[in-house]
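Undergrad: Here you go, one structure.
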Amino acid sequence: MSDALARQMPPVQYAQLGEVRLAYYEAGPRRGTPVILCHGWPELAFSWRHQIKALADAGRWVIAPDQRGYGLSDRPAAVEDYDIERLTGDLAALLDHLGVDKAVFCGHDWGGIVVWQMALLHPDRVAGVIGINTPFMPRPPADPIAIMRARFGDDMYIVHFQTYGDADAILAADVGKTMDFFMRKPPPDQPPSAGLAGARSGSGSGSGSSFALIRMLEAYDPAADRRDRFLTDEETAAFVETYQATGFTGGINWYRNFTRNWERTAGVEQKVAAPALMIMAEKDAVLPPSAADGMEAYVPDLEKVLVRDSGHWTQQERPEAVNLAILDWLDRRFHQ
């Protein structure tokens, strides 16, 4: 375990949840409705270090797992072992392990997809949902990979990920470079983006695809990057050392289940019954605030908060603003 993990996180614990063992970090008093923090890609439970401390200091019970495929948790070999049924099933099993009926589920990036789907697939286990950057996205009318390929091109990162092994190797070739590429603030002069909604094939990189992140990484020169960092050297080392040990395939396998998830959720009602909070980031290039427009049709009990001057990694870039929004909502909706 890196020095940053040891200093900034609670002691790691483990839960054997059927086929996988998950590592998780727990803090705060064991009372009231717990908050489960679900990270995205390429992240870890460590991404929530600021929220874990703030929630625990406020007297909230908080748990942050390394989800399957990540960090100290198990990494099954089969791609289908990372479908949405298993990802949400892990969270339900974690509640069983903790002896809890319901929790507030808070997710960022891919973790946001998981917590919104948790409210659809396991509604009896969900007291509330907090989405950070990632809005509720209703099931599309056709295979999402086919839609993305037609719209954004073959090198769009999610489409590219469907080819097993290629992106995995590029990302793992120089983990320090990979993390430097991803874990930066947006340029200071970057205007708000329309995200995926405003992109088309040919509008992004020289490859002809938009959001061709892996091809952009191949050409990336950290020395020429003018974007500010938001991680300390020690925090960067925590991510780099972990991904050097695990590689990226576990997390990428989540993306390789987009089609399977779409097929297996046919007939699931697209309505979130639990109260919800949507925290939006002003300068997220992929998931801008406009991506949350119209969510009220699917999430009737919804509040929205805008975090200004933040890119995609909002809970790490602007932790004070995120903590304030979460705690304010929890205090009003989930009294201790």
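The values are calculated or read from the model by the stated rules, or taken from the named source; none is laboratory data. In this text the structure is predicted, and so the values were computed from the model without any measurement. A quick note on method: Cβ atoms are made from the backbone with ideal geometry, for glycine too, and the neighbour counts reach across all protein chains shown.
Undergrad: Looking at this structure, is ALA274 touching a Gly at 6+ places or on another chain (Cβ under 7 Å), modelled with pLDDT of 95 or more, among the small types (Gly, Ala, Ser) and in a loop (DSSP other than H, G, I, E, B)?
TA: So ALA274 fits the description; yes.
Undergrad: For segment 286-295, enumerate the residues that are on the phi < 0 side of the Ramachandran plot and either among the small types (Gly, Ala, Ser) or surrounded by fewer than 14 Cβ atoms within 10 Å (Cβ to Cβ) (or both).
TA: SER290, ALA291, ALA292, ASP293
Undergrad: Which of the residues that make up segment 49-82 are of a type outside the set (Ser, Thr, Tyr), buried (at least 23 other Cβ atoms within 10 Å of the Cβ) and in a helix (DSSP H, G or I)?
TA: ARG49, GLN51, ILE52, LEU55
Undergrad: Looking only at segment 9-32, count how many residues are surrounded by fewer than 18 Cβ atoms within 10 Å (Cβ to Cβ) and out of contact with any Pro (no Cβ under 9 Å at 6 or more places or on another chain).
TA: Of the residues in that region, 11 qualify.
Undergrad: For segment 166-176, how many residues are over 20 Å from TRP110 (Cα atoms) and either among the small types (Gly, Ala, Ser) or at pLDDT below 95 (or both)?
TA: So the answer is 4.
Undergrad: Can I ask one more? Kindly indicate whether VAL272 is of a type in the set (A, V, I, L, M, F, W, C), touching a residue at least 12 places away in the same chain (Cβ under 8 Å), in contact with a strand residue (DSSP E or B) (Cβ under 9 Å, 6 or more places away or on another chain) and over 18 Å from ARG184 (Cα atoms). Don't jump to the end; show me each part of the working.
TA: Working: of a type in the set (A, V, I, L, M, F, W, C): yes; touching a residue at least 12 places away in the same chain (Cβ under 8 Å): yes; in contact with a strand residue (DSSP E or B) (Cβ under 9 Å, 6 or more places away or on another chain): yes; over 18 Å from ARG184 (Cα atoms): yes.
Answer is yes for this residue.
Undergrad: Inside segment 97-113, can you point out the residues that are in contact (Cβ under 8 Å) with a residue 60 or more places away in the chain and surrounded by fewer than 19 Cβ atoms within 10 Å (Cβ to Cβ)?
TA: HIS97, LEU98, VAL100, LYS102 - these are the residues of segment 97-113 that are in contact (Cβ under 8 Å) with a residue 60 or more places away in the chain and surrounded by fewer than 19 Cβ atoms within 10 Å (Cβ to Cβ).
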